[in-house]
Structures are given as structure tokens and as C-alpha cells.
Amino acid sequence: MTSKQPQLGLLIIYRSLLQDELVRQMQAILSGQSTAEVQCQFIGELIAKAEQLGLQGNLPKNYLQYLIARDENVFSLACERTNGQASGSLFAAVVNDLKVIRRVLDADFSAYMDTTLIDDYTPTVVWPGQAAYYQLFAGAAPEEAAKRLARHYAHHGCGYMAGFAAFRWDSEDGLVGIKNFDPIRLADLVGYERQKKILIDNTKALLAGKPANNALLHGSRGTGKSSSVKALVNEYYGDGLRLVEVVKQDLKDLAKIMELLRAHGQKFLIYLDDLSFEDFEVEYKYLKSAIEGGVEARPANVLIYATSNRRHLIKENWSDRNGDPDEIHRFDTVNEKISLSDRFGISLFFETPNQAEYLAIVKDLVKKHQIDIPEDTLRMEALRWESNHNGRSGRTAQQFINHLLGRD
């Protein structure tokens, strides 16, 4: 091996890259120590990765850049915690590594193997966000590339945090990435413009590091409460917004979840979907404490967005209002039950659409899906559908559209 050949074994901060099988194969190829069989295996596995991850262009180089952009190491974690302000000594070590990596990125792989299939690869599905990884190194000297990486880690995170828009909390496994997150966007939601604007403005305040409020979205079923929260994450993922779904039985872990999220540089929505409590359930006390009233302050990068069909979340009875004759302070029960909802700074009501609003949703969906149907026929069939099915709602409108798309 000559001194001019790239030597990934000299990496310090990014040494974990050497644990990747494709990187090890890449190193063997560039050192001239690979057989034709190893090279064919490398090409096949690299193409499989490109299809899985949506990678395109020069696959050996772009796969390496993808790994670097996602790598969890002392530098990337420090950038997450400090908004990209790593120490000068750590930054210098990264620059040293990037000089080694630059030699790999500048290497002519065709001098070592036949690269016809992977020089300019186009995957079956191109992921829009992947091209951003390649720009971290495009035309950049090692010092500039290190600065770009610092900003990238501060904004997008590293490791598992950089790979998912949404997570599910598991009491045993912790944060579990959701691979097939609902792709709905704000533009897909018709109506409820006032509610959407309030949510958007509040979420933007969170992203800007300004004070923001927890939000409770309540009202009729199928009106877009859950879709609005998920759409926010898809809309502002590029700005560092992430979602963590927590189910009711795991509310006891809220303090642990918040402490975990506090250490990351991204902004998080803790998502409590279809939330309600029977009067015998006590998990709501954990939520009350987490929102306001606990000893430890809520992290500045975390908000709680909950959806529910109930305004006050906890089941109420007329007997609560009449009071227990044996209870001295008989209205304390009522106050206890409504105090949970009061702790949300924003409360948004999603009412059932009237007929005109329902038909407007249907027409917008017909236009979006380019369905050719006379307006009179559309109106008649849409009204018949809502009458025979689930009543007027955005969900019913979408189900009607699915019916139109699915029939011959």
C-alpha cells in the first residue's frame, strides 16, 4: 500500500464507520486487496442499500457520506447538545478525520474495479432528503465540511434520531423509530384554517426557541385532529421537529421521556392520541404533573399535543356536580377532573362540518385525485355516502373518495 492510497484505518472520531461491512469492503478494494468475487458482492450489496435508502449518483462515495451524516460519535453528540458549538480541540480531531475521508471521496474507484453499475445509480424510489447529505462535502475543504457537519448534527441529530421523523415510546425498549410514518401534509387537510394556523404558529415558536404552549385538540371524531399533528411533523421535519407517541398506560414514564429528550438538539411533540380517562383511572395524574406542577421544569424543546373526543379528558358524572353528601368540599371532585384540561395552554375545538363544509372537502379531494365526475352526481353520491356511513367528517369524505377511486 502506498501513502497515496486512502487509509480509512487512520480514522479517530469516525472510527465506528469501520464496523460497517460495506466500508470494510470499500477499504479492501482501495488497498488493492480484493478479488473479483468480493467486488461483485460489494456492488450487489451497495445497490441493495441504494434501493433501501434511496441513494443515488456515485454509490460508494454517497453511501460513505450518508453514514457520516448519520454517525453517532463524540462530535455529533456534542453538536446536538450545544447547537453545533463543539470545542476547538474536538473540532480539530474531526478535521483530521475529514482529511482522511476526503482522500476516499476523491479516489477513482474505477482504477480498482468495474464501477459501471454504481457510478451514476438511480434508485427505484428517490428520497427527497437524501441529496442534502451529499451537499455536506460538495466542494468543501475539510475545515468547511466540519462546520457543515456541526450545523447538520445540531439541526438533524445523529444516530437513530437522524433517521426517523417519529418515534413510539416502549417502556422496555425506549424510543422506537416508526419506519412508515403517515406522510400526510398540511395541504392535504381541508378546512379548520383557524385551528391549523394556531397550531402552526405555536409549533413555529417552539422551533424558534420561543415560549410555546401545550395543546389539546378536542371535538368530533374524524375531523382531522390527529392528522393535523402528524402533518406538522412532516411539514417541519427539515427544521428539526420530531414526534414521540406515548400511549396512556405509559404516561408514568413521561418524566423519564422528557429527561431523555432534553439531551437532544431537536424539538419534540409528545403525541397523546385519542386520550381520555375513566373516573377510576389515575394515569392522568402523571400528565398533570408533567404539564405543569412537577418539581422539574418541562424541557424547552418539548411540547405535549393531545387529541381527544372529550373536552375535559376525564369522564364526568352528574353525581360529581351534586357532590357526595359525605364529602366536605363537594366541588373538589369537579375541579380535580377539569383541572387537567385547563393545564393545556391551547384548547382547539374541531366541530363536525356542516353540509356545505363537508361537500367542500369532497370537492377538494376530487380535484386532488383528478376524478372525473359530474358535479350533480358528486353531490348526490357524497350526501348518500355520509348518510349511510359515518356522518359528515373529513374522514368520511376520504372514505367516499376511496370508494370512487376503487370502483370500475
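The criterion of at least 3 residues that are touching a Leu at 6+ places or on another chain (Cβ under 9 Å) and in contact (Cβ under 8 Å) with a residue 24 or more places away in the chain is met, among strands (runs of 3 or more DSSP E) falling completely within the stretch 164-241, by 166-170, 215-219. Only one entry of Arg384, Arg392, Arg311 meets the criterion of being at pLDDT 60 or above, of a type in the set (Lys, Arg) and assigned to a helix (DSSP H, G or I), and that entry is Arg384. Apart from one condition, Ile101 fits all of (1) crowded, with 18+ Cβ neighbours inside 10 Å; (2) over 26 Å from His156 (Cα atoms); (3) out of contact with any Ser or Thr (no Cβ under 8 Å at 6 or more places or on another chain); the exception is (2).
Looking only at the stretch 347-367, which residues are touching a residue at least 60 places away in the same chain (Cβ under 8 Å) and part of a helix (DSSP H, G or I)?
Across the stretch 347-367, the qualifying residues are Glu357, Ala360, Ile361, Asp364, Leu365.
Quick check on my filter: what residues within the stretch 253-283 are modelled with pLDDT of 90 or more and of a type in the set (Lys, Arg)? If the condition is that a residue be modelled with pLDDT of 90 or more and of a type in the set (Lys, Arg), then Lys256, Lys267 are the ones that fit. Of the residues making up the stretch 359-408, those that are under 18 Å from Leu186 (Cβ atoms) and among the basic types (Lys, Arg) number 3.
The values are calculated or read from the model by the stated rules, or taken from the named source; none is laboratory data. The model shown is predicted, which means the values in this text are computed figures rather than measured ones. When we count neighbours, we look across all protein chains shown, and the Cβ atoms used for this are built from the backbone with ideal geometry, even at glycine.
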